[in-house]
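The structure appears right after this line, and notes come after that.
The values are calculated or read from the model by the stated rules, or taken from the named source; none is laboratory data. Keep in mind the model is a prediction, meaning the values are calculated, not measured. With ideal geometry, Cβ positions are generated from the backbone for all residues, glycine too; neighbour counts draw on all protein chains shown.
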Amino acid sequence: MAVSSDKLDSVSLAIGKILTDVRVQIARNYLSQRPPPPLARLSYLLGYSEASAASRFIKIHMGKSARDIVRELRRGQPTQPHACRS
């Protein structure tokens, strides 16, 4: 049974969206901890081998740096996810 390329593309996009959503939730949960984990540890928890990749992911998908998110959470301001680029 052959699967069309379009079908594989749509499944791949859906899986990518789920992964992004899960990573955003994980980042939000860990950044709300007191104290939050170091970026290197958070990177590992998000599935990245480099802190710079996790930092970029957080900035793109949450709209702010990890440091800014932590500051907002400490002040009690809710952090909303940024409109994801897929």
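A few points about this structure:
Okay, residues lined up against (1) among the charged types (D, E, K, R); (2) in contact with a helix residue (DSSP H, G or I) (Cβ under 9 Å, 6 or more places away or on another chain):
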| residue | (1), (2) |
| --- | --- |
| Leu8 | no, no |
| Ser12 | no, no |
| Glu50 | yes, yes |
| Arg56 | yes, no |
| Val70 | no, yes |
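- Among the residues making up the stretch 1-54, those that are within 22 Å of Leu73 (Cα to Cα) and aromatic (Phe, Trp, Tyr) are Tyr30, Tyr44.
- Tabulated pairs, the stretch 52-63, first under 17 Å from Gln25 (Cβ atoms), second outside any helix (DSSP H, G or I) and at pLDDT 95 or above, C-beta under 8 angstrom, 6+ apart or interchain: Ala54/Tyr48; Phe57/Tyr48; Ile58/Lys64; Ile58/Ser65; Lys59/Ser65
- A single member of Ile15, Ile58 is at pLDDT below 95 and either part of a loop (DSSP other than H, G, I, E, B) or under 15 Å from the mean Cα position of the chain (by Cα) (or both), and it is Ile15.
- Unmet requirement for Asp9, which otherwise passes all of (1) surrounded by 14 or more Cβ atoms within 10 Å (Cβ to Cβ); (2) acidic (Asp, Glu); (3) at pLDDT below 85: (1)
- When restricted to residues that are in contact with a Cys (Cβ under 9 Å, 6 or more places away or on another chain) and either among the polar types (S, T, N, Q) or surrounded by 15 or more Cβ atoms within 10 Å (Cβ to Cβ) (or both), the stretch 19-57 contains 2.
- Matching entry among Arg75, Arg85 (being closer than 19 Å to Gly16 by Cα, surrounded by fewer than 12 Cβ atoms within 10 Å (Cβ to Cβ) and at pLDDT below 95): Arg85
- Restricting the stretch 18-42 to residues that are of a type in the set (D, E, K, R) and assigned to a helix (DSSP H, G or I), the residue that is nearest to Arg67 (Cα to Cα): Arg28
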